Amino acid sequence: MPEVVVVGAGIVGLSTAFHLAGLGVRDVTVVERRHIGAGASGKSGAIIRTHYSNEPETRLALEGLTFFRSFRERVGVDCRFDETGFLVFADPENHEALEANLGIQRSLGIPARIIGPEELRDIDPSVSVEDGAVIGYDPSAGVVDGMAACNAFATALHRLGVRIQLETTVTSIRHTGGRVTGVTTTAGDLDTDRVVIAPGGWAHALLRPLGFDLPMIPATSRIAVFRWPHDRDPRHPVAIDHRNGLWLRPIFGEHTLLGAERGVRREVEAPDHFDETIDQPYVELCREQLARRYPVMRHAVGRGGWTGLVMRSIDSRPIIGPFAGYEGLVGLVGDSGTSFKTAPAVGRALAELVTTGTSEFDITPFHASRFDGGGSWVDPTETSTAASISR
Ligand SMILES: Cc1cc2nc3c(=O)[nH]c(=O)nc-3n(C[C@H](O)[C@H](O)[C@H](O)COP(=O)(O)OP(=O)(O)OC[C@H]3O[C@@H](n4cnc5c(N)ncnc54)[C@H](O)[C@@H]3O)c2cc1C
């Protein structure tokens, strides 16, 4: 009987198992329906920024940034953190809101600030702000190789004696008298009184039979990759552009990976059958939006792209914590396309929660109970940041 069963070998499940081992709990089984990184994690942009419109998310992201920066020392294998810096472009009318959000970062020691067009030219000479966008900048943010991070955790877990059972689906969570008793899988039953779920876009299949119909929906998140033309400057911070509805990062050396989100239909009926590819209209949309902010990229060569699956909650924030009425059951669901960067913090919080019943991180704002009575989480300053584009 494993001490803990973790459902899902994405970055959150793997991080949780890693932190459980760090707390001395090594009799852990990670159960994964396909393979490492089969969900959003393997498709992620893996931008590691701390720019949010509230303190709880900023704190989780800061812990993530700190962890990814020292990943090799902690995990034993590299995840290729690259400190690119982070730019955010906001509407001029959101100047104050942007300043307030940068202020949250500064209050936690993050060197984020508003910059002007002149300074921007030194940071990324290929950007145009002729539209009058207000510019926020954080030099400490960056990117990782998302699959390298997942694989690194998996390698470390093997070393630590944690089992990872691939190609096995958890079909139900068993319980009796308000307490978890195990899981049923396609390879048989596993008895345990502690289960952590990190099932990404497939969460409803596990939670609805337990009576949880949380306000979240599986949705696609698409990206396209473009090779730089000769005149794209190699200085290339990651960026979120709220004016043009896009986010982007450098990748694969001399390529830009971007997601254009405006006007793109996203809901997915059957998570097992979503299409992993992108179509030509999406490539054209990405190129057009990209060229608005980076005019030289009008002549960028398309190099394909892919579609991933996320679980979007109605307030675009993850649901983290215990599941009321089922002692021993905790997890992260409704990742909302923004939970790669926070996975080190969330994994630690879930590991602490399932072993001691409490966590050093205050994750109460993320509890599912925020939706009780039709509520949801809205920040007064989110117009310029996280709500319209997650990442
Ligand atoms: C295109 C794209 C770009 C993104 N960019 C960023 C970014 O720049 N920064 C950022 O922070 N976030 C980003 N995200 C979001 C981030 O990748 C996700 O929030 C994060 O990876 C979620 O991790 P997870 O482990 O919770 O879920 P997932 O990675 O989806 O993993 C869930 C796993 O559980 C398995 N599973 C599900 N149900 C079962 C079951 N019943 N039994 C067994 N296994 C099961 C699945 O097969 C899957 O492998 C992006 C996402 C996408 C798709």
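Quick notes on this one:
- Candidates 346, 102, 30 compared by Cα position along the dipole of the chain: farthest toward the positive end lies 30, with charges placed on Cβ.
- On Cα atoms only, tilt of 55-69 relative to the major axis of the chain in degrees: 90
- Ordering of 6-16, 142-152 by packing [mean C-beta count within 10 Å, highest first]: 6-16, 142-152
- Accessible area expressed per residue, the range 201-256, with surrounding protein chains retained (probe 1.4 Å, Å²): 36
- Rounded to whole Å, the principal axis extents of the Cα atoms in the range 240-344 read 56, 28, 26, largest first.
- Accessible area in square angstrom per residue, the range 283-351, 1.4 angstrom probe: 29
- Local charge for residue 105 was computed over the other residues whose Cβ lies under 13 Å away, with Lys and Arg +1 and Asp and Glu -1, and equals 0.
- Label sites at residue 306 and residue 181, each approximated as a point 7 angstrom past Cα along Cα to Cβ, lie 4.0 nm apart.
- In a simple Cβ point-charge model (Lys, Arg +1; Asp, Glu -1; nothing else charged), the range 147-285 has a dipole of about 460 debye relative to its Cα centre.
- Of the residues 319, 252, 289, the one whose Cα sits farthest toward the positive end of the charge dipole of the range 242-319, with +1 on the Cβ of Lys and Arg and -1 on the Cβ of Asp and Glu, is 289.
- Using only alpha carbons, the range 132-204 has a radius of gyration to Kirkwood radius ratio (Rg to Rh) of 1.19.
- Phi angles of the range 111-119 translate, via the Karplus equation with coefficients 6.51, -1.76, 1.60 and θ = phi - 60°, into HN-Hα couplings of x, 9, 7, 7, 10, x, x, 5, 5 Hz per residue; Gly and Pro are given as x.
- Volume per residue of the C-alpha convex hull in the chain, rounded to whole Å³: 128
- Surface per residue (accessible, 1.4 Å probe) for the range 1-130, Å²: 38
- Compared with the direct C-alpha span, the chain from residue 298 to residue 108 gains 64.6 nm at full extension, assuming 0.36 nm per residue.
- Restricting the range 250-322 to chymotrypsin sites (Phe, Trp or Tyr not before Pro) in coil, as DSSP defines it, with at most 11 other Cβ within 10 Å: 252
- Other residues whose C-beta falls under 10 angstrom from the C-beta of residue 161 contribute a net charge of +2, scoring Lys and Arg +1 and Asp and Glu -1.
- Taking every alpha-carbon pair under 8 Å whose residues sit at least 6 apart, the range 110-263 reaches a relative contact order of 17 percent.
- Each Cα pair under 8 Å and six or more residues apart adds its separation to the average, and for the chain the resulting relative contact order is 24 percent.
- Taking only protein heavy atoms and a 1.4 Å probe, the accessible area of the range 339-385 is 52% carbon and sulfur.
- Protein heavy-atom surface of the range 83-240, 1.4 angstrom probe: 50% of the accessible area is carbon and sulfur, with nucleic acids and ligands not counted.
- Amide H within-cut-off set for residue 331, under 5 Å, with H built and near neighbours excluded: 197, 321
- Size of electric dipole in the range 294-356: Cβ of Lys, Arg +1 and of Asp, Glu -1, about Cα centre, debye, nearest 20: 460
- Beta bridge orientation in the chain: antiparallel %, DSSP, nearest 5: 75
- Size of electric dipole in the chain: Cβ of Lys, Arg +1 and of Asp, Glu -1, about Cα centre, debye, nearest 20: 720
- Under the Karplus curve 6.51 cos²θ - 1.76 cosθ + 1.60, θ = phi - 60°, whole-Hz ³J(HN,Hα) for the range 94-108, x wherever Gly or Pro sits: 9, 3, 5, 5, 5, 4, 5, 5, 5, x, 4, 4, 4, 5, 9
- Segment residue 122-residue 155, extension gain: residue separation times 0.36 nm, minus the distance between their alpha carbons: 7.9 nm
- Averaging 1/r over every pair of different alpha carbons in the range 76-204 and inverting the result gives a Kirkwood radius of 19.3 Å.
- For residue 339, the accessible area of its heavy atoms, probed at 1.4 Å with every protein chain present, is near 10 square angstrom.
- Taking a sphere under 15 Å around the Cβ of residue 288 and counting the other residues whose Cβ falls inside, with K and R at +1 and D and E at -1, yields a net charge of +2.
- The range 1-71: relative contact order as a whole-number percent, Cα under 8 Å and 6+ apart: 27
- Backbone amide hydrogens, once placed in the peptide plane, bring residue 48 within less than 5 Å of 142, 143, 144, excluding anything fewer than 5 places away on its chain.
- Rounded FRET efficiency, nearest 0.05, which uses the C-beta distance separating residue 275 from residue 72 and R0 of 22 Å: 0.05
The values are calculated or read from the model by the stated rules, or taken from the named source; none is laboratory data. Quantities reported herein were computed from a predicted structural model and do not represent experimental measurements. Don't worry about glycine lacking a Cβ; one is built from the backbone with ideal geometry, like all the others, and counts go over all protein chains shown. Heads up: the accessible areas ignore ligands, DNA and RNA and are worked out on the full protein's heavy atoms, side chains in. Shrake-Rupley method; radii C 1.70, N 1.55, O 1.52, S 1.80 Å.
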